[in-house]
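Reading through the structure tokens given below for one structure.
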Amino acid sequence: MVSRRLTVLTFASLALIGANGARAADYTPPPPPPVYVQPPPPAEPCCDNWYLRGQIGVGMLKTKLDYGTATNATLQNSSNADSMFVGGGIGYNWNSWLRFDATAEYRAKSRVDAFVTYPPDGIDQYQGYLKSWVFLGNAYVDLGTWDCFTPFIGVGIGGAYNTLSDFNDVNPNGGFGFGRNPSEWHLAWALHAGVAYEVTKNFKVELAYRYLNYGSITDTVDCSVTCTHDTFKYTLQSHDFMVGFRWTFCCELPSPEPRYVYTPPPVYTQPPLYAPPPLSSRG
């Protein structure tokens with residue numbers, strides 16, 4: 001009888017150990033921690049090829065005066081002041097090294113003077129003001145970029161609307177005369193050289209030199225007393241030094257959010273607790 005009970009207890013213990021082992025084998029380990037994936041670098045701004053430009057500067061005006069008269073008067077000398085100018089335009093980047101733009105600028109009044117003598121001791125002093133509108137189509141070649149600096153060269157061609165205003169003759173001996181305030185259209189052309197600095201992806205600042213030839217202007221001075229009408233033809237050219245600004249049409253793209261790779265854990269169900277069968281005895 002005792003041996004039979006020991007046999008039953010032995011089988012029950014073995015069954016309980018096997019059930020616990022099976023339940024341990026069925027246990028699901030915890031899920032792995034989330035894995036951080038390095039996001040891609042921020043997207044570059046989406047920039048169009050079109051840009052707006054502005055410019056401001058000073059021109060060292062060089063005039064050549066051709067003086068015409070029917071008398072034996074002689075032009076002794078002529079002079080002029082420098083001119084200020086401001087302008088703007090729109091351009092297009094054809095590729096990474098070639099671009100085009102169209103500009104319009106206003107050149108403010110610049111004083112011109114002339115001194116004429118005639119025998120035996122006559123003197124005429126002339127004074128007036130030059131101003132112009134200049135319209136150019138320009139092409140530029142960018143010569144490469146180093147540390148945000150880009151040197152460039154270019155050419156331009158277009159037209160100029162020149163005006164000579166308030167041109168008059170003041171004679172110390174009492175005579176005087178007045179010009180006719182002419183305005184004329186003429187061919188204009190230019191040569192450019194400079195360097196641009198990239199402040200941001202869509203904003204650049206330029207320091208530039210330009211040689212500008214913008215035609216001529218001719219005026220006739222009508223005397224108030226009996227005298228010969230004098231003609232004055234100014235040929236216009238300028239050495240310009242200017243600061244320019246270029247703004248390219250750009251839109252900032254949003255930066256991507258950091259990404260995580262995460263696998264959710266499986267649904268864990270608590271297994272039923274094992275209950276050994278009750279022991280029975282026949283004795």
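Worth a mention:
- Among the conditions (1) surrounded by 15 or more Cβ atoms within 10 Å (Cβ to Cβ); (2) at pLDDT 90 or above; (3) of a type in the set (A, V, I, L, M), the only one that residue 81 does not satisfy is (1).
- Hey, residue 217 of a type in the set (A, V, I, L, M, F, W, C) and surrounded by fewer than 18 Cβ atoms within 10 Å (Cβ to Cβ) or not: no
- Residue within the range 86-99 that is loosely packed, with under 13 Cβ neighbours inside 10 Å, hydroxyl-bearing (Ser, Thr, Tyr) and farther than 21 Å from residue 132 by Cβ present: yes
- So residue 134, is it part of a strand (DSSP E or B) and either modelled with pLDDT under 95 or more than 19 Å from residue 60 (Cα to Cα) (or both): no
- Taking every residue in the range 158-184 that is among the aliphatic types (A, V, I, L, M) and pairing it with any residue that is not in a strand (DSSP E or B), at least 6 positions away or on another chain, the pairs with Cβ-Cβ distances below 6 Å are 164/182.
- Test for residue 71: is it at pLDDT 80 or above and hydroxyl-bearing (Ser, Thr, Tyr): no
- Of the residues making up the range 178-197, just one is at pLDDT below 95 and part of a strand (DSSP E or B), namely 178.
- Residue 23 vs. criteria of a type outside the set (Gly, Ala, Ser), at pLDDT below 90, more than 22 Å from the chain's Cα centre (by Cα) and not in a loop (DSSP other than H, G, I, E, B): yes
The values are calculated or read from the model by the stated rules, or taken from the named source; none is laboratory data. All of these numbers come straight from a predicted model, not from anything done at the bench. As a convention, Cβ positions derive from the backbone with ideal geometry for all residues, glycine included, and neighbour counts pool all protein chains shown.
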